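Encoded as structure tokens, the structure appears first; notes follow it.
What follows draws every value from the coordinates through simple rules; no lab data is involved. Remember, it's a predicted structure, so these values are computed and weren't measured experimentally. Neighbour counts run over all protein chains shown; Cβ positions are idealised from the backbone, glycine included.
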């Protein structure tokens, strides 16, 4: 299929990126790792939610695949299809795989994919095979451990106690849990083009807060985001004309928030962060689902691996997530433009399914991300090496 897109000019800030190799049959891209990372090993399975207008894209946020709701992908491409790719990729390293904790898959299915499954780390540490692997000093790397937990401290303690195991998403996890840290990755001349304009503010209402935000952003609409929420909780899309009213409501934590139909407002009653984010409002190309027009958000699932002096990016899947309401139905900005990750079988707005990505758009998005994601991954690794 012939796809025509405007050419994209890329600025190269890492001299090793000239070694980019693209294998279109496997959706896999490899580049030479920088010298500081060549003796290290890391594996990450992630998602990126983005707005794509047909020519360019803006990455909204990252997530860790093992904690992400990928049921829309399963609805489009088959139950556990995306998870099979994860376990096939992990097993390709020739190491035993342990899965610890409650994730998005039942233990019986994890075992069917050839990994051992444990409820918690204590049970893992009692496993004879794990203990034997941990005591093996002949191998540099003894196995891969998947820990979907949000507890960064627990994962770090486990790594210190059991060196030689590769912990999935150990370094990249924080960028899926903390939107502020993820935003800061884009803070250079090249990468900032792939992120909405953003700024962090102290989470305290003042009479001039709305004016300061309005002066910092040129668009008439902005997006308010909490630092640590998942699945879009607390994300509010608001016109500048209503910005002061909205900020006053969520930061003074009035009990009236519970009476607002949009539960994004109620989230702020329990938010404990000291700062919050504001981003520029971005739209995707309009797609049609069941004869209705939507401003959808694209979710891309991918893996990034550092091994043998190379960084490998592999695309595992992508699909459109739809907002609660189509563009021409009565509703709020948030209902029209904020997509939900979970599949709802039916709702008053008529949403019944996610949508496949057009083949040309899929190719184009992967082309852009093949230049962007490795650079972001390198920044993640270097900041935590």
- [x] 21, 29, 24, 21, 6, 0; [y] 26, 57, 16, 0; [z] 28, 61, 11, 0, with the label sought being that of the calculated P(r) over Cα pairs in 20 Å bins from 0, in percent: [y]
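As an exercise, use a Förster radius of 51 Å and the Cβ-Cβ distance of residue 160 and residue 330 to find the FRET efficiency, rounded to the nearest 0.05.
With R0 = 51 Å, the Cβ-Cβ based efficiency is 0.40.
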- Task: Just grab the label-to-label distance for residue 363 and residue 269, each label 7 Å out from Cα along the Cβ direction, in nm (one decimal).
- Result: 5.1 nm
- Task: Along Cα→Cβ, 7 Å out, is where each label goes; now give me the distance between the ones at residue 220 and residue 84 in nm to one decimal.
- Result: 4.9 nm
- State the antiparallel share, in %, of DSSP beta bridges confined to the chain, rounding to the nearest 5. 85 percent
- Using a simple spin-label model with points 7 Å from Cα along the Cα→Cβ vector, what separation in nm is obtained for residue 197 and residue 120? 4.9 nm
- Taking the chain as a Gaussian network, where each spring joins two C-alpha atoms under 10 Å apart, which residue of 360, 107, 183 fluctuates the most? 360
- Note on the structure: With 0.36 nm assigned to each residue of separation and the Cα-Cα distance removed, residue 111 to residue 181 gains 21.8 nm
- Task: Compare 129, 99, 118 in a GNM of the chain, Cα atoms joined below 10 Å, and give the one with the largest fluctuation.
- Result: 129
- Item | Range of Cα positions in the range 197-280 per principal axis (Å), largest first | 31, 23, 22
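Contour minus end-to-end for residue 240 and residue 383, with contour as 0.36 nm per residue of separation and end-to-end as the Cα-Cα distance? Don't skip to the end; give the middle numbers.
Values: separation 143, 0.36 × 143 = 51.48 nm, distance 3.55 nm.
Extra length available between residue 240 and residue 383 comes to 47.9 nm.
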- Candidates 269, 277, 128; GNM for the chain (alpha-carbon contacts under 10 Å) flags as most fluctuating 128
